[in-house]
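Reviewing the structure listed below.
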Amino acid sequence: MRVFSFALRSCIVALVSSGPLPASVSQSESPEYDACQALTAPEHDYVGTSIFSVPEALSCFNQFPVTEMQRKDHISAIKRFVNFHPYLDQMKDSNPPYFPSKINLLQELDKIAEDKRLVSEHAFHNAIYTVINGLNDAHSNYDPLCFTNRVKIYQPFLMASVLDGKPPHVVIVDTVFKESPGFDIYWNASMKGMPASSFINHIITEIDGVDALTWIQQDSDAYGGKVRDSSARFNKALPSYQWLNSELIMPNGSFAVQNRIHDGIKPVISYTLMDPSQPEGNRIRLEVPWAVSPGNISEAQTLFSSSSDFYAKNCVTQIKKQEKFSVETLVKPLFGNHSDFIPSMVWESKSLY
């Protein structure tokens, strides 16, 4: 059974699709090669931290196939709950002064069900995530539990939008990992042999050949989601101070640290930097790969002991009808048969507020 969570306005829905696993959960060229187990190889050990690249992670995630029937059944299940959305008609053609939206959600989901290019579960779930994420609605979220929070992906720089008597610009204010030497080793070649902290206070003029402020806005609009206002998505992408337990902290922001490998991600981010201590016009160009990590070596070995074990532990669940869900929910649908997706409801009177 494949599992995902779907939040629709005032309720969080956990959909469980039952049925036999695909005949093979590994599609590697060599029967001896295990793309998930390969992530535990010694070359991914960076001083006790497990780190690998986006392509290496995707070689594991993309090997679990999804059939056309499974795509259609899964989308059918989602649509049963999407039909409860109060703004299905408005989101098709909404214009200012109201929130602009041109998304026919049911139609977009049907397109995913029919898309024969989506041959892996990871690509399939990513397609659904992208459509629902595009609503920019904090009450409409789709998180494929199989591939969300299994690894985190990192870029080294914490950035801030700065006004200091000049036009707005982006400055590196800190780095993601100050206490873990493994990440500096992983990024050593892309950082010209220097630690990431060497670039603190440098101005980022361009990212991937685009003005840095523009790029951050475009990236947060495409992948930030869950936030209605574009300026709020921009702010969410960057670290900002907030209070936690009477202490002022600075979270990493949603760009530098992410909990999933999103659709369309580039394995390497290109930065053009300017050292403010050097003459105007002096530029440094860095090509920095995403660092993908499940944590320490022991955590990686547990998570990726084999492809079949990864799938069994993270993508398959056994759920009993009377079992209480572990998070506060209003509705828990249960699917007894993979082919018809007819749910029986268990209502729990827990408040979300």
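Against the conditions (1) modelled with pLDDT of 85 or more; (2) open to solvent by less than 40 Å² (accessible area, probe 1.4 Å); (3) more than 23 Å from His262 (Cα to Cα), His85 satisfies every one except (1).
Selection of strands (runs of 3 or more DSSP E) fully inside segment 129-191 by the criterion of at least 1 residues being in contact (Cβ under 8 Å) with a residue 40 or more places away in the chain, open to solvent by 50 Å² or more (accessible area, probe 1.4 Å) and not hydrophobic (A, V, I, L, M, F, W, C) returns 152-154, 157-162.
Residues are listed down the side, and each one gets a yes or a no for (1) at pLDDT 95 or above; (2) surrounded by fewer than 19 Cβ atoms within 10 Å (Cβ to Cβ); (3) touching a Leu at 6+ places or on another chain (Cβ under 8 Å); (4) part of a helix (DSSP H, G or I):
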position	(1), (2), (3), (4)
Ser24	no, yes, no, no
Gln27	no, yes, no, no
Tyr33	no, yes, no, no
Glu43	yes, yes, no, yes
Ile51	yes, no, no, no
Pro55	yes, yes, no, yes
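Would you mind stating whether Asn252 is touching a Pro at 6+ places or on another chain (Cβ under 7 Å), open to solvent by 20 Å² or more (accessible area, probe 1.4 Å) and over 20 Å from Tyr142 (Cβ atoms)? It would help to see each step written out before you state the result.
Numbers: touching a Pro at 6+ places or on another chain (Cβ under 7 Å): yes; open to solvent by 20 Å² or more (accessible area, probe 1.4 Å): yes; over 20 Å from Tyr142 (Cβ atoms): yes.
Considered against the rule, which asks whether it is touching a Pro at 6+ places or on another chain (Cβ under 7 Å), open to solvent by 20 Å² or more (accessible area, probe 1.4 Å) and over 20 Å from Tyr142 (Cβ atoms), Asn252 comes out as yes.
Would a scan of segment 260-283 turn up a residue that is of a type in the set (D, E, K, R), open to solvent by less than 30 Å² (accessible area, probe 1.4 Å), closer than 20 Å to His125 by Cα and in contact (Cβ under 8 Å) with a residue 12 or more places away in the chain? Yes, the conditions are met somewhere in segment 260-283. Hey, does segment 62-80 have a residue that's basic (Lys, Arg) and either under 30 Å from Asp34 (Cα atoms) or in contact with a Lys or Arg (Cβ under 7 Å, 6 or more places away or on another chain) (or both)? Looking for residues that are basic (Lys, Arg) and either under 30 Å from Asp34 (Cα atoms) or in contact with a Lys or Arg (Cβ under 7 Å, 6 or more places away or on another chain) (or both), one finds at least one in segment 62-80, hence yes. Tallying residues that are touching a strand residue (DSSP E or B) at 6+ places or on another chain (Cβ under 8 Å) and farther than 30 Å from Lys152 by Cβ within segment 46-84 yields 3.
Only one of the numbered conditions (1) open to solvent by less than 10 Å² (accessible area, probe 1.4 Å); (2) charged (D, E, K, R); (3) under 26 Å from Asp229 (Cβ atoms) is not met by Glu121, and that is (3).
Flag set for Asp221, criterion: charged (D, E, K, R), more than 18 Å from Asn252 (Cβ to Cβ) and modelled with pLDDT under 90.
Residues are listed down the side, and each one gets a yes or a no for (1) free of Cβ contacts under 8 Å to residues at least 24 places away in the same chain; (2) touching a helix residue (DSSP H, G or I) at 6+ places or on another chain (Cβ under 7 Å):
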site: Lys79; (1), (2): no, yes
site: Pro86; (1), (2): no, no
site: Gln90; (1), (2): yes, no
site: Ser101; (1), (2): no, yes
site: Asn104; (1), (2): yes, yes
site: Leu109; (1), (2): no, yes
site: Ile112; (1), (2): no, yes
site: His122; (1), (2): no, yes
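Residues considered: Leu330, Leu352, Leu286, Leu334. Of these, the only one that is more than 25 Å from Gln63 (Cα to Cα), modelled with pLDDT of 95 or more and open to solvent by less than 70 Å² (accessible area, probe 1.4 Å) is Leu286. If you go through segment 121-157 and keep only what is within 20 Å of Gly295 (Cβ to Cβ) and aliphatic (A, V, I, L, M), you end up with Leu145, Val151, Ile153.
The values are calculated or read from the model by the stated rules, or taken from the named source; none is laboratory data. Since we're looking at a predicted model, the values are computed, not measured. Don't worry about glycine lacking a Cβ; one is built from the backbone with ideal geometry, like all the others, and counts go over all protein chains shown. Areas reflect the complete protein model, heavy atoms only, side chains present, ligands, DNA and RNA absent. Shrake-Rupley method; radii C 1.70, N 1.55, O 1.52, S 1.80 Å.
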